[in-house]
């Protein structure tokens, strides 16, 4: 193996769409580790870090941000053509972000409320993940992404191995760490069971419930969790709101939000809520 | 019929025909009078390797029982050329479209090796099957078995079990 | 007083600190219960003040609440979320380090680990039983976990008998408590005035001798007895455990599995809270250049996606299959594997399941005979094999995605009396994969590897001269079935990448041809360019003393051989199956089809031998991933007879 030659360094670019830049900031937050990476990869385009502009082709392109406008939609197709490996980073790029909450709302109304001249604002009615438009080769989820997972992905790309980005519930990390479950011991609603691990148990370590910023895990059973919260006495709209977070637009969070009226002005579907609660009613020890 | 196999068909020597039929799993141990009736509908021919015994789409005038040699079933995939989807070994049949409407060959049958074939006349066999219940009772199960065997093979081939399944980059 | 195993001493409450001080001598860390984070956890204890005086626990499915009881009693809570398991079987543990040098050579080493001296205060009867179960899993073999042994040996166990069980406890049904029997160094029974102390080992006796113990009074003894009886009565007998193993395994098709799966979120909390679950996963790490590499072992759960995943798919995709795996393993196949139940009735999986699934309810009332132990065949446990460094002497590309590597080792390999079907091949920093040994040579071995993922691709991309770490061989190989085959006819059915693993059978027969009867090889591949060992196939065919029949799934017009499925090669054959021993390897669906045809030919299941595949990660039966019903494919297999597999074979999600 050994170090790659200077002439053979992969070209890496970072592109941004509708996002807060937090994931790009995570790349910068690597600090010294970023320098080590920059010795092995040519970072040719990185708006957060440098005014130097470049263009493709890219061996690896990191994309932050959701697709929210027509211009972005066209641009992402161009970027796809120029990239060997396209990696989406963060909740916006992988799930549409918090701004995807507008996907349940009246877009024109939003524009009119926020902007003095709504007619000057061109945007799609929905904020959507990049994968809805182009083929994505890999993704780093999270809001923001985890620095250690970022380094893991880069290391795997450089050395040729499969990156360790487990698709398992956050609960595994809590238990390995020895954190006491906030839901079981304190009745604090936590989405950890249906959320993908990777954050290092940030929220439960500080006595709050996970709010799903790493997105739904493999085959997440959101309906069961929703039913449990309902039986605990949390009103349906509030349960819906639990799922209406940074990754609300990905299934199965999306359906939970829709059916439970998790967004402003929406009406919960009583039948769905009842079916979810009924899953546990038979064997559930109320209280 | 394109590229007709040895059309200098010898008059069927019934006894040796029946013996040859008996040596195949398709035709083995048929009731004696069935064998005789089939013998009258049969001719036997040999063909060199490379002979197109039946072309895809053309009327299948004969149901062939392979006594020896290998026959390939091929179909045209324009971007890839002729693809062999199955080979028919001694004992097995080809051209069963001769007894299944609309009586057109569903693939091309090409001899891969020199072949020795007992060919049952299509129209004659169809007429005999329609009128002769004992013949029908003896033969249709065999045809069904040959097709069922082929169907289960097709299913396994379709599953592409030996394919390497790498989804995505990792 | 001089302590013997039957001596009971009385330690006044005020003197408990003395026991704590003794346990903390010589730099030993004392771990015990303390209140934290809304629960009770096991953490470092320096004094009596750290213990949860006056606290109890209220537990029910999906719910744990601390109860303020007041008073001085220290141990009136039922089991906390923490298990002692995490101190002898760490959740995250460095395993090995390795350096990939620039010249392609490897330097291997174990990771530095410290084994701390520990003492556990407050170990309940169920937890003692759990430690005993872990002893069997990790130390009874065939491979042992020496790190676990070292940590166990470095810990002193001070047990405490339960007085206040929770509503989730069912140790009575599982035969593990609440009375303490064995496994402890010291055992305490808390009374209002103090503690009854007994020793369970020489270490315990030595400690007891240093304590200012008095003689217990008759009142003390009867209070203790009453406490135990009350605890037992409070728990009752919630699970009918007699016959649980057989009854559970008879219900693999119960509709209940799908019903519980609608509730289950596969979060893994049950497995992580359980004091006996032992499945782990290995993570490969390196620096950016892939030069300094390491591996780490993490707690894993059979509820995770990666658990049943192999290159061809996932054997346990549905949550209902994962739940069934967990429950049947814990309560049934654990008996087959280790001779006891895997469950100790501590109830943690009930309390800490966030949606409140209760295993007792799910088990539908069963029970194993209390304390029953099945007799397992004598196994001599050995430490895990250490990897050896092998060099790639030469490579041969069999097909665009499959490569044969000839590996050699300085000094060669002594294969005499060495059994094993596969080796674990590791490229540090990249990964570790199980590969069947195709050929044993005096210099080393020959492996044929397909590019199925990043690790295999990296391995096959190495140049001659590069080094690999190889451990093993391990697993049940073909030698037993081959001995059965002396004087009999042999049929080998191989499909796709199934030919390399079954090659040793062919070589053994060819080298000793007279010992065996008719030999027939039936081999199928996807297309002619995917055929492996083309030269060898021609050579075997040319010998004249074996039948070689090859087919492909499809071909273009240049192929003059057979096209069709593997079973076509022998479904119309006329050989007599009553004298045949069959050896099969390939995709499971192909094996199923072949077994049907073989049986139709009169080959009985006890004479059909199959090499099975599951997700083998550690290769030595300790990480749990490769389980298939009650079998560990890596150590009970990978070669099984069809009779042995029974209805485990061909069942979805097993």
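The values are calculated or read from the model by the stated rules, or taken from the named source; none is laboratory data. Since the structure is predicted, the reported quantities are computational estimates derived from the model, not experimental observations. Don't worry about glycine lacking a Cβ; one is built from the backbone with ideal geometry, like all the others, and counts go over all protein chains shown.
The set of residues in region C:168-194 that are touching a helix residue (DSSP H, G or I) at 6+ places or on another chain (Cβ under 6 Å), crowded, with 23+ Cβ neighbours inside 10 Å and part of a strand (DSSP E or B) comprises C:186, C:189. The residues of region C:558-576 that are more than 12 Å from chain B (Cβ to nearest Cβ) and farther than 21 Å from residue B:153 by Cβ amount to a single one, C:576. Filtering region C:246-262 to residues that are assigned to a helix (DSSP H, G or I), farther than 19 Å from residue C:304 by Cα, at pLDDT 85 or above and more than 14 Å from chain A (Cβ to nearest Cβ) leaves C:246, C:248, C:249.
From the residues in region C:274-294 that are more than 9 Å from every other protein chain (Cβ to nearest Cβ) and either free of Cβ contacts under 8 Å to residues at least 12 places away in the same chain or in contact with a helix residue (DSSP H, G or I) (Cβ under 8 Å, 6 or more places away or on another chain) (or both), which one is surrounded by the fewest Cβ atoms within 10 Å (Cβ to Cβ)?
Residues of region C:274-294 more than 9 Å from every other protein chain (Cβ to nearest Cβ): C:274-280, C:282, C:292, C:294.
If we keep only those that are either free of Cβ contacts under 8 Å to residues at least 12 places away in the same chain or in contact with a helix residue (DSSP H, G or I) (Cβ under 8 Å, 6 or more places away or on another chain) (or both) as well, we get C:274-279.
Values: C:274: 22, C:275: 26, C:276: 26, C:277: 27, C:278: 20, C:279: 22.
Top of the filtered list is C:278.
Scanning region C:295-318 for residues that are assigned to a strand (DSSP E or B), without any contact (Cβ under 8 Å) to a residue 40 or more places away in the chain and either facing another protein chain (nearest Cβ under 7 Å) or within 17 Å of the chain's Cα centre (by Cα) (or both) turns up just one, C:313.
If we scan region C:16-30, do we find a residue that is in contact (Cβ under 8 Å) with a residue 60 or more places away in the chain, farther than 30 Å from residue C:279 by Cβ, in a strand (DSSP E or B) and out of contact with any helix residue (DSSP H, G or I) (no Cβ under 8 Å at 6 or more places or on another chain)? No, there is no match, as no residue in region C:16-30 is in contact (Cβ under 8 Å) with a residue 60 or more places away in the chain, farther than 30 Å from residue C:279 by Cβ, in a strand (DSSP E or B) and out of contact with any helix residue (DSSP H, G or I) (no Cβ under 8 Å at 6 or more places or on another chain). A single member of A:266, A:271 is in a helix (DSSP H, G or I) and more than 18 Å from the chain's Cα centre (by Cα), and it is A:271. Residues in region A:217-235 that are touching a residue at least 24 places away in the same chain (Cβ under 8 Å) and part of a loop (DSSP other than H, G, I, E, B): 6 in all.
I need a count of the residues in region A:204-216 that are touching a residue at least 12 places away in the same chain (Cβ under 8 Å), more than 8 Å from chain C (Cβ to nearest Cβ) and either part of a loop (DSSP other than H, G, I, E, B) or within 16 Å of the chain's Cα centre (by Cα) (or both).
In the first step, residues of region A:204-216 are kept if they are touching a residue at least 12 places away in the same chain (Cβ under 8 Å); the result is A:204-205, A:207-216.
Subset that is more than 8 Å from chain C (Cβ to nearest Cβ): A:204-205, A:208-216.
Filter once more, so that each one left must be either part of a loop (DSSP other than H, G, I, E, B) or within 16 Å of the chain's Cα centre (by Cα) (or both): A:208-216.
The number of residues fulfilling the criteria is 9.
Scoring residue C:556 on the criteria (1) at pLDDT below 95; (2) within 22 Å of residue C:586 (Cα to Cα) leaves a single failure, condition (2). Determine if region A:67-83 includes at least one residue that is assigned to a loop (DSSP other than H, G, I, E, B) and either surrounded by fewer than 19 Cβ atoms within 10 Å (Cβ to Cβ) or assigned by TED's automatic domain parsing to the domain that holds residue A:141 (or both). The answer is yes; a qualifying residue exists. Residues that are within 10 Å of another protein chain (Cβ to nearest Cβ) and assigned to a helix (DSSP H, G or I) within region A:192-203 comprise A:192, A:193, A:194, listed in sequence order. Take the conditions (1) free of Cβ contacts under 8 Å to residues at least 24 places away in the same chain; (2) under 29 Å from residue C:20 (Cβ atoms); (3) in a loop (DSSP other than H, G, I, E, B); residue C:212 misses just one of them, which is (1). Restricting attention to region C:326-353, the residues that are in contact with a strand residue (DSSP E or B) (Cβ under 8 Å, 6 or more places away or on another chain) and not in a helix (DSSP H, G or I) add up to 2. For region C:445-453, the count of residues that are out of contact with any strand residue (DSSP E or B) (no Cβ under 7 Å at 6 or more places or on another chain), modelled with pLDDT under 95, in a helix (DSSP H, G or I) and surrounded by fewer than 22 Cβ atoms within 10 Å (Cβ to Cβ) is zero.
In summary, residue C:232 fulfils each of the numbered conditions (1) in contact (Cβ under 8 Å) with a residue 40 or more places away in the chain; (2) surrounded by 16 or more Cβ atoms within 10 Å (Cβ to Cβ); (3) under 23 Å from residue C:329 (Cβ atoms) with the single exception of condition (3).
Residues of region A:175-191 that are more than 7 Å from chain C (Cβ to nearest Cβ), assigned to a helix (DSSP H, G or I) and buried (at least 24 other Cβ atoms within 10 Å of the Cβ): A:182 alone. Taking residues in region A:254-275 that are in the same structural domain as residue A:215 (by TED's automatic domain parsing), and partners anywhere that are loosely packed, with under 13 Cβ neighbours inside 10 Å, the pairs with Cβ atoms closer than 7 Å and at least 6 places apart or on different chains are A:261/A:267.
From the list A:130, A:141, A:87, the lone residue that is assigned by TED's automatic domain parsing to the domain that holds residue A:15, more than 17 Å from residue A:251 (Cβ to Cβ) and surrounded by 15 or more Cβ atoms within 10 Å (Cβ to Cβ) is A:87.
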